[in-house]
Each structure stands twice: as structure tokens, then as C-alpha cells.
Amino acid sequence: MSEKKSVAPVAAPKKELFRINASYIAILHTITANSAFFAALVVGTWLHYHKIVQNASYGYPDEWFPSVSATIGDRYPERSIFQVLIALTSGPRFLLITFNFIRLYKKGSLLPYIALVSGIIRTFTCGGWVYITSTDDHDWHDIFMISYILLTIPWTVCITLLSDKGSFERKGRFYTSTTFFSTIVPLIYWFIQHKVHVVPGAYSIYAYFEWALIILDVGFDAWSIVDFKSIDIAINADGIELSSLSSKTAKPVAAVNAKAKKEVEEFSDLEFIFNVVNSTIFWTIMTSLFLCVWYFPLWHMGISGYEAVILTLFISPILLIVPFFRNFISNYPFISKVLAVIFGIGAYKVPNPEDRLLTITAGTTFAVISLVVDVWALSDQPKKFNSYIISILIGLLTTSVFKFSNYSNNPIWPIMNKENGGYNEIGIFIGLLGALFTPSLHSAASSTPIVKRTGGSFFLAALGLGGYFFSIQSYLSDSATLALWTWEGYPIRGPTPVSGALFNLGAIIIGLIAAIALPPKLFSNPFYNAIVGGGSAFVLYAYRGWLGYAGATGYTFYLVSIAPLIWQSSIGYNPSLLFSFGLFIHVIICLSSVWIVAYAFVPGGPLLRERTDIVLSVSFASILAGVWNYNLRSKNDTAKIEFRSKKLLRQALTILTVLLAFSVSIFFRRYPTSPFKPTNPDSRSFTTGIWCVHFGLDNDMWSSETRMRDLIKDAEIDIIGLLESDTQRLIGGNRDFTQKIAEDLGMYVDYGPGPNQHTWGAALLSKFPIISSTHHLLPSPVGELAPAIHATLNIYGELVDVVVFHSGQEEDVEDRRLQSLGIQEIMGNSTRPLVLLSYLVTKPLEGNYNTYVSEKSRMYDIDNTDWDRWCEYILFRELKKVAYARISRSTITDTELQVAKFKLLSQREKNENDQSFLYGNNYVDEQSIPENLRMPSLLRGDGVRGHRYHVFDEPRYFAQEKWQLHNDEHNDSNEKEQN
């Protein structure tokens, strides 16, 4: 028998239960640490803002930003929230220290041990100043805090020196730690200013640097995310095993490299979301700059000098020519984004308009720099760059959706605050979250061949960029802008801001999907650009109603669909110079869009007077230059660049679906479902008002529609004319404050001549149905255009005409004379009872006044003994005047609110041969007037919120011969029964 050979048993492979990359430890540490501090900041600011900014010397408004200690240690519940979250940070913290020791260990060196010991002790000292607050024991709190900062020195120095030489994370750690210790210098300076010199506001500035230290401290340890990617933690049947991805026990190198290549080609889902967040903040800041600049020429009635801040838009990119500055911002992209949020969104904390504008300007500077640096970093990564472009457009869409939800105001603009509906604190929190988690934009190994673009023209690329920036900001930043371009009045023959919003937002969404999914050559085709782009722009300009809005929707789709072409055509040029020149063109077109309506106040204004066609054509031609440049460069490419992506389509569709669902819910919430009712129907009276509202910005540069709404409600107004109301243009922020007032008070609204009609605007709001309306532009051969609305209202079953009118400036005498004749003709041709709510720029009983109040117009002054008027007048005919009053404006605007109460004539009174008794000024005591016909008592005496009856000690009530007010209600009811 043959002898059997013994065979050694083969070890079975270990069954792996779980594997995770060590970088998740650093990610978890970063998230928990940041969330602890910033959750406390948000909650503290929300609940106890005035208390946590208070210090031993000053409180709000001298101090406006809370220190770290006051935020995390003084109040419940923010103190508890912080302590719970910071406790959760301890686990990842000790693991981070341990894995730093493992990853950076060098045999024979003391540095790993110094880092290990200092890191552990430093963590315990952190617990000391966290759980012993300055309120509990100020001395021990400071001892632990100082010890923590001192131990930061060996920790950061050792970790930095142990990092691989020349590595990205070593550079990052070096710059972060250097910035950390440099920040201590101004921190100490401002603490001395606060403690020794007792300077108001010094502690808030000190707090900025204190919070910066927190961000930098956590940011230093966040570099371990990059460092730990080379370590995997595997759990198998025998226990825990660590493996280096470069070792034999790691996954196959080919598989790892393939995965890495796939990952660097595109942004992850989370990274894409943060890009959208950052883009939303970018557009919020960009759209706020012109809006806030507009405040100053309004109050100066001409060039103020503050307009110069818009130059920063094209000066900012030039700063990146300096290599050190460019490299620093590129290595730490979150810094410029954080500064953009702090200055751009946080500017609302600055009460003074001049200082707030300068703060916003700083925020805009950092926002533009951040954009240019991002483009620079992504220019050699086609798919990532295209993803970034799409996120820019989705960010703009997001701001538009938020504005749709907030009645066309961006709730985190610096003109907003808690009192007028702002959500600034939430905006700052989300903005900082997006900034701090900004994705890495540096290129790495990629499976996509990088194609160097050649040919084309720098000038064409800049033209395309400038024209495109202007177009999307002017026409797409609000869902109602182009709807008001096509608005004609009543009966409604086109979209309203609410009904048209879904079409506008839908066009953007479809355009984005097309830009991602369809081949670029479709959109670069000359026929597509001529027919879809040029054709839709022409229809938008030339037509009104639904046909004009079809052009608007087509142009919206076109602008979005060509986004990748415009941006991709900019690759290969120096981004600093390209964006500087492109944004210069953007500013020129922006100023032109202002000149077309502000021609009376600017040098060379008549050259662009009423030339929307030129502005639209130039911006479109500039876009065509960008498309042309894309075609020129594509012909010279040595290989095909494919920047479309199924992953990007999935990411975009996810966010777009959420935004669309949100938009639909807003539509159903805002769409009116029942007719509106007058304030006091039992009295059968109606109250009218006229108010020049200065573009919805109050004297302190806050959005004023909420305060306007409250006064209109308190004055019990049924019909009101609002003048200087057109803000649906770039300088007005592309917003419409009448939406908020009308929807909250239950009023129909005629927005008047649209933003493409070159007027400062006139709007009519009414609780009574508007049967028909016509818009007029009165003769203005020299000065600004004078808008008018001639509307017919159904008031208690009777048709009454209302005219809202804003005449030209005092300097343009001939204009005002011709305009008075035009309005006289409109009123004279009407056969119905009529009320004129107007801004006439004349003295009572003098000059053009006698054209408005004349036999031809058949109009009468509500009170011709009121000699103290210059601008606002209420005229009427064939109505009973009941009362008249003037109400102080507080700080809402520079013009008072004038109101008049009327009743309809009874049939008997209409049949009277002599109706002159209706128009006399026979004043009666309020006690002789029925209560339901009296003006609101709320505004008597000192009034409410700075509003009170003024000029007269009380409202003036009128009574005429043959008119017994006490019998009116009885007579009206009898006539109603007979009819």
C-alpha cells in the first residue's frame, strides 16, 4: 500500500464584517464640533439676541454680535444644546488624536508623542472651559481657555511638521495654523479697546475674531479628512484590522484607482448640494448690491457718489492677479465664502444705510472673488466645471423660488429684518454651513482626458459672459418680472405674478434638464440661437398678454439652456482678466438698463431714453458672441470634450423636483380663491387713498411694504393709488411690494405700466372688483414719463372710475402742462362718477391745478381750503364726500398718506338738477356723523407707530344742504329693495 501524504490545511479567508475609511472619523469630528458652536449661535441669536450681545458696558445697538462665551454659556437652552453636542464630539476627538498618531508616526522622532500628549491634555482643557462657563467661575474658565490656546501651539506645530512634505494637507495645515495665531493679535487689540478704553462696538468686533478662532481651530483638524483617506478600518471575525490603501492587504490598486478617478470626475451628491447652497448665497448678495445702491440716488434725487461701489464687481477679480492671494484663496476656498456670508448676508446688522452699503460691497467683493477662484480651479475638469455651472443656475432658481414664497422679497437680503419678514439668521447659518463644507475643487487623477482649448477670442468670451450675467440677473431672478413686462390691466389677458410664476420656474427647470441631457451642438446651432433666442426675445418685446409671455417663457428657456456653452467658452483664458472685463460689460449694460428710465437724472441720459430695445438687443448680441466663441474653440479642440453626465442629471433632478413641489405648494397657498370684501360694507361707503411710497424702501433702507400694509389697514382704506411703485427692474431688486400688501389685505391689484414702459410706476389696489383698466403714458417731451391708470370699479353694484396718476418733475414745466391736459381729457371723456388719486406737483388754486379742476374735467377738489399741499391731491365728481384727512408717514417714506371717504349718490340725488351742493366745504362735527362713517380713531392724538392725523387736528367731515347723512342708510336700503 502506498503511503498517503499529509496535506497542511489551508487557512480559510477571514470573513470581513465591516469596512470604513478613517477619513469619516475626521468628517464626524468636523460636523459635531461645528454644529455644537453654530447651533448654539443660531438658537441664542433667535431666542436671546439682545441678552447675549449685552456686556458690562454696552448693549444693542452699540453691540451687535455675541461672543463665544456668551453664546455657549449664558442662557438656556443654547448652553445645553452646545454641551450635548460638544460631548458627542469627544468620541471622534479622541479617535482623531489616536489616528493622527498612527498615520503620522515616525520612528525615532519625539514629535508624534508630543502631539499625542498635547492633544489629549488639550481635549481635557477644552472640557474645562466648555463645562465651567465664565458665568460659573470666570477665573477657572479663563485658566482652561488660556491653557487650551497654549497647548494648541505644540499640537499644530507637531501635526504640521509630521505631515508629508509637499502634500496638500501640509500646506493646508500650515496656512490654517498661521492664520489662527495671526488672528490672536487683532483679538487682543479689540479686547483692550473693549476692556480698557470702553469703546462701543469693540466687543462685537472682538467676537468676530473669537469666532474666527473657532472656525480655524476646527478647520485645522479637518485636514485630517484628506490625511486619513489612506487608512481603512476593517472588522472581521478576529477583531479590528487597520490597513493602508497602498499595502497588500488593501483592495486591489486598480480598483481603488478606478474608484478615485470616477469620484474626482464629478461632485458627490453632498458636494453638489453645498455648491447649490453657495450659489444661492452668491445670487442673494449680487442682487442686493444694486438694490441698496438705488436707495442713495433716490434720496439725493440724482447721482450721490455711492454708485461707485458697483465698480467693485469688475475690480474684485483683478486682485487675483497677485499669486499669493490667488493661491491662498484657492487653497482655502471656504474663507472667501465665509467672508461673503458674514459681510453680504450679515450686513443687515448694520443699522446705518451708508455703513450697510459698504458692508454689502465687501460681501460682494468676496462673493465675486470666490466665484472666479472656483472657475479657475475647475477649468481643467470638464465634468466638475459643468456641474458647477448647473449649480450656479439652480442657485439662481432657488432665490427666485424663495422670493415667490416671500412675495418677491428675498428673505435674507440686507433690507430685511425680523420686523418686515426677514429670515437673516437662518440665511447666515445655512450660508456658513455651505461655506465651511465647500467641496474641494482641486484637480486630481482623472480618467477624462483634459483637452486644451485653443482659438476663439478673449473679447468674445468676455462679451458673452457679461451679457449672460446681465440677462439672467435682470430677467430670471424673480418669477414675476417678465409677467409684468406683458401685463395690460383688466380684464386680465395674460399672467399675473402668481399665475405666471409656475410657467417661469418651469421654463428654468426644463431649460436646466435640457442643458444637462441634450448635446451641446444643438444649442450652439445658429438656427437655434436665431429662432429660439432671437425670436422669443422679439415676441417678449413686441407683444403683451399671453402671446408676449409665451415669448418670455421661450427666452427664459433659451437663457438657461445655453449656460454650459457660455461658461465653457471661457475656459483657457486668464479668469481674473476675463471676469474683470466680462463684469465690466455686465455693469455697463446694467447702467444702461437704469438710464432708459432715469434719463432725466444722469449725464447722457437722453441717449438711452426709453430704449429697452437697445438694452435687450445688446445683451442678446453679447450672448451670441459667447456662443460664437464656443463654436470657434470647439473646432480647434484636439479631442472631444464630453461634459454631460447621468449623475449630474440625477443630482439636478432631485433638487429641481423639490423646488418644483415647493413652488406648486406656494402657488396654491397664494392663489386667491374667494372675492374680496370692502372694509365697512354696512356703511355703503368707501375710503380712498394716495401715497408716494418711494420704491418700497423706508428712510433707513429697510423694505417697507409690511409697514405700508399696516398703515393702509389701520386707515381702513378700500382703494389706494401707490406711486413710485415699479421695482421689477434690476435697480429695484426685481421685486414687487404690491403683492404683499394686496394679498394680506385682500385687494385686487393693477400693477400699472410694466418695467419695460420706462416709468417709475403707478399701481392701483382695490377691495372692489376692477372691471376694466387702461394704462397711459402722458406726454413728456423733456422729463420723465408720467404713468396713469384709468380703471373702472364695481362699487356696491355701481360702476365708478378711478384714475391714478403721477405727473412729471417741477423742473419740466411744459411736460407738466401737457400732462395736465392729457389727464383732463381722460377725466372729461369719462361718463361715470370718478376719483382722481394723484401726484400733481402744483399749488392749490394755481397754474395747472385749474386744468385738473375745471369745467372740462368736471372734477372738484376734496378740500380746496387745504393750502398746504404740493404733490398729492384727491379730486372727485358725482360722489358724496364724507371725510378727508392727511396721515403722517413716520419713516416709511418722504410723503404723507392722504385719504378721503365717499358715498355713492342715491337715485334721488342723481336726479337733482342742481348738484353743486355736493362739492362745497361745509364742515361738521364728528359727533353728527354716524359711527360707521367716521375715520378710524386709532390715528387720533399721538396715533400708532408714528402715524397720526396731522395738518388738521382731526379728520374733516363734510355736510351739504339737502343731504342728511343719518337718513342715507335708510334711503339706500329702500332704493335697493325697489330696484
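The values are calculated or read from the model by the stated rules, or taken from the named source; none is laboratory data. Every value quoted in this text rests on a predicted model; they were computed, and no experiment measured them. For neighbour counting, all protein chains shown are included, and Cβ atoms are generated from backbone atoms with ideal geometry for every residue, glycine included.
Results, tabulated for the structure shown:
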quantity: Helices (runs of 4 or more DSSP H) lying entirely in the range 67-169 (those with 1 or more residues that are without any contact (Cβ under 8 Å) to a residue 12 or more places away in the chain); calculated: 78-104, 111-131, 138-162
quantity: Among residues of the range 655-710, those that are of a type in the set (A, V, I, L, M) and over 28 Å from T893 (Cα atoms), counted; calculated: 8
quantity: Any hit, the range 34-41, residues being in a loop (DSSP other than H, G, I, E, B), in the same structural domain as L216 (by TED's automatic domain parsing), under 20 Å from G427 (Cα atoms) and at pLDDT 75 or above; calculated: no
quantity: Matching residues, the range 939-959, being under 13 Å from I712 (Cα atoms) and either buried (at least 18 other Cβ atoms within 10 Å of the Cβ) or not assigned by TED's automatic domain parsing to the domain that holds D698 (or both); calculated: L939, H947
quantity: Residue that is nearest to the chain's Cα centre (by Cα), among those in the range 522-570 that are under 12 Å from I623 (Cα atoms) and outside any helix (DSSP H, G or I); calculated: I562
quantity: Any hit, the range 197-206, residues being out of contact with any strand residue (DSSP E or B) (no Cβ under 9 Å at 6 or more places or on another chain), over 16 Å from L41 (Cβ atoms), among the small types (G, A, S) and surrounded by fewer than 20 Cβ atoms within 10 Å (Cβ to Cβ); calculated: yes
quantity: Qualifying residue in the range 671-691 (condition: surrounded by fewer than 20 Cβ atoms within 10 Å (Cβ to Cβ), free of Cβ contacts under 8 Å to residues at least 12 places away in the same chain and over 21 Å from the mean Cα position of the chain (by Cα)); calculated: yes
quantity: Residue identified as in a helix (DSSP H, G or I) and surrounded by fewer than 24 Cβ atoms within 10 Å (Cβ to Cβ) among D355, D374; calculated: D355
quantity: Condition check for H776: on the phi < 0 side of the Ramachandran plot, crowded, with 23+ Cβ neighbours inside 10 Å and not small (G, A, S); calculated: no
quantity: Candidate set: the range 102-114, residues that are among the hydrophobic types (A, V, I, L, M, F, W, C) and either at pLDDT below 80 or not assigned by TED's automatic domain parsing to the domain that holds W140 (or both); chosen: the one surrounded by the most Cβ atoms within 10 Å (Cβ to Cβ); calculated: L104
quantity: Where L799 falls short, out of the listed (1) touching a Ser or Thr at 6+ places or on another chain (Cβ under 6 Å); (2) modelled with pLDDT of 95 or more; (3) on the phi < 0 side of the Ramachandran plot; (4) surrounded by 19 or more Cβ atoms within 10 Å (Cβ to Cβ); calculated: (4)
quantity: Enumeration of residues in the range 796-837 that are in a strand (DSSP E or B) and closer than 19 Å to H758 by Cα; calculated: V804, F805, H806
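Quick grid of which residues meet (1) surrounded by 17 or more Cβ atoms within 10 Å (Cβ to Cβ); (2) modelled with pLDDT of 70 or more:
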{"residue": "S246", "(1), (2)": "no, no"}
{"residue": "P252", "(1), (2)": "no, no"}
{"residue": "F267", "(1), (2)": "yes, yes"}
{"residue": "L270", "(1), (2)": "no, yes"}
{"residue": "I273", "(1), (2)": "yes, yes"}
{"residue": "I285", "(1), (2)": "yes, yes"}
{"residue": "S288", "(1), (2)": "yes, yes"}
{"residue": "C292", "(1), (2)": "yes, yes"}
{"residue": "M301", "(1), (2)": "no, yes"}
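Conditions (1) of a type in the set (D, E); (2) crowded, with 23+ Cβ neighbours inside 10 Å; (3) touching a Leu at 6+ places or on another chain (Cβ under 9 Å), marked per residue:
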site	(1), (2), (3)
A462	no, yes, yes
P491	no, no, no
L518	no, no, no
A537	no, yes, yes
L565	no, yes, no
S576	no, no, yes
